[in-house]
Amino acid sequence: MRKLASLAVAAVALATSSVALADDAAALREAQDRAAIEALMWRYVRALDTMDPDAYAAVFTEDGTFGSGNTQRKGRADIKQMVADLKKGRDERAAAGTPSAPMHHIIANHQIEFLGANEARYDSYWMTVFAAVGDTPVRVAAAGRGVDQLVRVNGQWLIKNRN
């Protein structure tokens, strides 16, 4: 009887430790995914603020979409062209002697919700801010709420839909 009781206690202890290990592995994976998503969104704003079309397009899936007001873009090539056009306009204004103020995109109060192992929703508030230049003060050009669909592709988190 004692052997049976000892065996039962050992089985419960083993099952409990297996569950704890599985919970730890899940928590570690979620923490790693959250860090990867935050790094993705940092690359997103830096690519936009530096007007780097290649880096900007690279944070989207091949068929990714960007939508804001009347601007609707689909696919990396179209998304890349959007930033290339912004950069061209900025460069033309600078060449004409009316340079644009540095642009800063701010994402705040974000929340990441995992919808599955390879899909997440990224809710946030955002602002586009132009830095002060000369007598022109800091200016908030736009603000809004983002609801973005993110997916893991080949082990990397990317933006599927930025809205």
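Taking the conditions exactly as written (farther than 15 Å from Thr50 by Cα and not aliphatic (A, V, I, L, M)), does Arg139 satisfy them or not?
yes
Looking only at segment 123-137, how many residues end up being in contact with a His (Cβ under 6 Å, 6 or more places away or on another chain) and not aliphatic (A, V, I, L, M)? Reasoning before the result, please.
Here is the first cut: in segment 123-137, the residues in contact with a His (Cβ under 6 Å, 6 or more places away or on another chain) are 124, 128-129.
When the remaining residues are screened for being not aliphatic (A, V, I, L, M), the result is 124, 128.
Selection size over segment 123-137: 2.
Test Gln81 against the criterion of being modelled with pLDDT of 95 or more and under 12 Å from the mean Cα position of the chain (by Cα), and give yes or no.
Answer is no for this residue.
Being open to solvent by less than 50 Å² (accessible area, probe 1.4 Å) and over 17 Å from Tyr122 (Cβ atoms) is the filter here; which residues of segment 42-57 pass it?
Answer for segment 42-57, where residues must be open to solvent by less than 50 Å² (accessible area, probe 1.4 Å) and over 17 Å from Tyr122 (Cβ atoms): Asp49, Met51, Pro53, Ala55, Ala57.
Under 23 Å from Tyr125 (Cα atoms) and surrounded by fewer than 18 Cβ atoms within 10 Å (Cβ to Cβ) - does that describe any residue in segment 22-30?
Yes, because at least one residue in segment 22-30 is under 23 Å from Tyr125 (Cα atoms) and surrounded by fewer than 18 Cβ atoms within 10 Å (Cβ to Cβ).
Go through segment 84-100 and count every residue that is more than 20 Å from Tyr44 (Cβ to Cβ) and either among the acidic types (Asp, Glu) or under 19 Å from the mean Cα position of the chain (by Cα) (or both).
2
For segment 62-143, list the strands (runs of 3 or more DSSP E) that sit wholly inside it and hold at least 1 residues that are closer than 30 Å to Arg29 by Cα and open to solvent by 40 Å² or more (accessible area, probe 1.4 Å); which are they?
Passing ranges, in order: 103-116, 119-130.
Which residues, taken from segment 38-82, are within 23 Å of Ile112 (Cβ to Cβ) and hydroxyl-bearing (Ser, Thr, Tyr)?
Correct list: Tyr44, Tyr56, Thr61, Thr65, Ser68.
Could you tell me whether Glu30 is closer than 30 Å to Asp135 by Cβ, assigned to a helix (DSSP H, G or I), modelled with pLDDT of 90 or more and of a type outside the set (Ser, Thr, Tyr)? Quick ask: steps written out before the conclusion?
On the way: closer than 30 Å to Asp135 by Cβ: no; assigned to a helix (DSSP H, G or I): yes; modelled with pLDDT of 90 or more: yes; of a type outside the set (Ser, Thr, Tyr): yes.
So Glu30 fails the test.
Please determine whether any residue of segment 91-106 is closer than 23 Å to Ala58 by Cβ and hydrophobic (A, V, I, L, M, F, W, C).
yes
The values are calculated or read from the model by the stated rules, or taken from the named source; none is laboratory data. Please read these numbers as outputs of a predicted model, since none were measured by experiment. When we count neighbours, we look across all protein chains shown, and the Cβ atoms used for this are built from the backbone with ideal geometry, even at glycine. The area values use the complete protein model at the heavy-atom level, side chains included, leaving out ligands, DNA and RNA. Shrake-Rupley method; radii C 1.70, N 1.55, O 1.52, S 1.80 Å.
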